[in-house]
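See below for the structure under consideration.
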Amino acid sequence: MKMSMLELSISLAFERARIYRSAGIDQFVREVCIADRFVLRDRIGEGSFGTVFLAHDTELDREVAVKVMPLDDPEVAEREGKMLAALEHPNVVRIYDHGARDDYRWLVLELLDGPTLRQWAMDQDPATVVARYLEAGEGLDAAHRRGLVHRDFKADNVRLNHAGSAVVLDFGLARHGESLAGDEPSSLGDGRSTVVCGTVAYLAPECLRGRAGTERGDQFAFCVSLWEALSGENPFGPVRPEELDTDFERAMVQRARAIEAGPVRGSERIPRRLRAALRRGMAALPGDRWPTMARLLEELREGGPLRRHARTYGAALACVTVTVSLLVAIAPSPGESTPTPVRDAAQGRAAGALETEEAMRAALDGLDRGDDDVVYQALVRGVSVAAAEGREAEFVGVAVHVASSLEASARPSAREVALLGWHIALLFAQEVDDGALEARAQAGIEGQMRPGGAPRPAPRPVGLAAGERR
Ligand SMILES: Nc1ncnc2c1ncn2[C@@H]1O[C@H](COP(=O)(O)OP(=O)(O)OP(=O)(O)O)[C@@H](O)[C@H]1O
């Protein structure tokens, strides 16, 4: 860590005062005072860019945090201090004062006495975790709106305040947007060991490849952090310090490649409605991420594309739901046929997988035989079982195959089946944010709706007799 001589002497004087006080020889204590006003009381911690102290503001008689850093360029320090001080938002740490002297500078910050977001999130339920992250995201968004990029967002750089709200800290790496224009390399030069290691785990691929951080990089880091908080693991795997120490450049490129190749880890533990929104925020190309933090937060709050889709394509969903309920209603009751034994979870899963497979087979058989009713029923049955099992990805391939095979058919019943197939594909595509599949499904739906007028809004469940359900 780079430490100026004066900063060092502040630290030493502070240490001496602490030792004298604990030894009961207070008369020798010379208070360490910054700007003739902020008396340092305790050391909170040290980062790669400075030391943070708990201090007493003698003028306003309150506790504050004071961050002391080396002074590189007085003009930059002055500009940055002003900019940070001007950023007033409940989810961004308040800067009460800033200044510079000789070879050090300081920021006087609102004191956040709660735990970091990482410490706090360990034993919380997912909904509460998301709520706090949304607050932190609001803070980032506010900074972005003023042209500030954080460049080091992670759960350790967010603390809870006395009211329990998340507040983003440590704009230590933040630089004004203007000065980031162009190809300025990411400043990971020295001090690459542990601190950078922690940071590397949240860096977007373009930053790993040496580009300066932008708002989209902050978005990436935010999504990785939230994903990690919800699933318990970094979506792109852990970063091993020894790899960075051996060949730093290579490790960075390898990590960038791993991100670009996907797939992400722990997705089964992320609530489904958040998965697609976070995945997009972690897209390898900055241009494929959400346009702004605000848009990402909106998606996370609204429940992501599935809910929006449900509104837009309510009729299609209603069609599937109505059909499924009818199927359930006409299915044999336990008294009429072999009673269904109570299954434990594993048996249930295995049976579900079997049922999905059977439905797939039935759909393909029906397709071969040109029996639209059978295909229709198999699609409905398959999608309901697959959705309950979280196996839609397997089933959607069959739905797409069926829909595209029947696309050109003039039979009204085939058109109905094709529509259902495309709707299933569309639902899935929007949920996993697959643009190509979504476009294909939209085109399929439009194609089916064009020639012979609008299709029936809620296709009836045809040709399924009681007892026929497998
Ligand atoms: N306003 C504040 N109130 C309370 N604690 C703070 C405040 N600002 C920073 N801290 C804490 O002080 C410690 C040092 O913070 P600092 O920002 O210097 O570095 P860091 O975030 O730990 O590391 P790095 O900057 O290298 O990523 C951290 O534990 C941080 O949570």
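A few points about this structure:
- Cα gyration tensor category, rounded, prolate or oblate, for the range 9-110 with a/c compared to 1.5: prolate
- Alpha-carbon gyration tensor eigenvalues x 5, square-rooted, for the range 40-164, Å: 26, 18, 13
- Per-residue SASA remark: Asp368, around 130 Å² accessible (1.4 Å probe; ligands, DNA and RNA not included).
- The share of Cα pairs per 10 Å bin across the range 97-142, counted from zero up to the longest distance, runs 21, 35, 25, 15, 4 percent.
- Of the residues His150, His89, His401, His144, ranked by 1.4 Å probe accessible area with the largest first, the sequence reads His401, His89, His144, His150.
- Of Thr128, Thr116, the order by accessible heavy-atom surface (1.4 Å probe, DNA, RNA and ligands excluded), from most exposed downward, is Thr128, Thr116.
- Other-chain or far-sequence residues with amide H under 5 Å of Tyr104's (modelled H): Leu71
- When you count the other C-beta atoms within 10 angstrom of each residue and take the mean per peptide, 45-57, 200-212 line up highest first as 200-212, 45-57.
- With protein chains left intact and a 1.4 Å probe, residues in the range 355-449 average 38 Å² of accessible area per residue.
- Accessible-area rank, largest first, for Lys82, Lys154: Lys82, Lys154, with all protein chains present and a 1.4 angstrom probe.
- Carbon plus sulfur fraction of accessible area for the range 355-449, probe 1.4 Å, in percent: 53 percent
- Accessible solvent surface per residue of the range 9-110, calculated while the other protein chains remain in place, 1.4 angstrom probe, Å²: 53 Å²
- Radius 14 Å from Cβ of Gly232, net charge of other residues (Lys, Arg +1; Asp, Glu -1): -2
- Cα-based Rg and Dmax for the range 355-449, where Dmax is the largest Cα-Cα distance (Å): 12.1, 34
The values are calculated or read from the model by the stated rules, or taken from the named source; none is laboratory data. Treat the numbers as computed from the prediction; the structure is a model and nothing was measured. Because the Cβ atoms are built from the backbone with ideal geometry, glycine has one as well, and the counts that use them run over all protein chains shown. These accessible areas exclude ligands, DNA and RNA; they are computed on the full protein's heavy atoms, side chains included. Shrake-Rupley method; radii C 1.70, N 1.55, O 1.52, S 1.80 Å.
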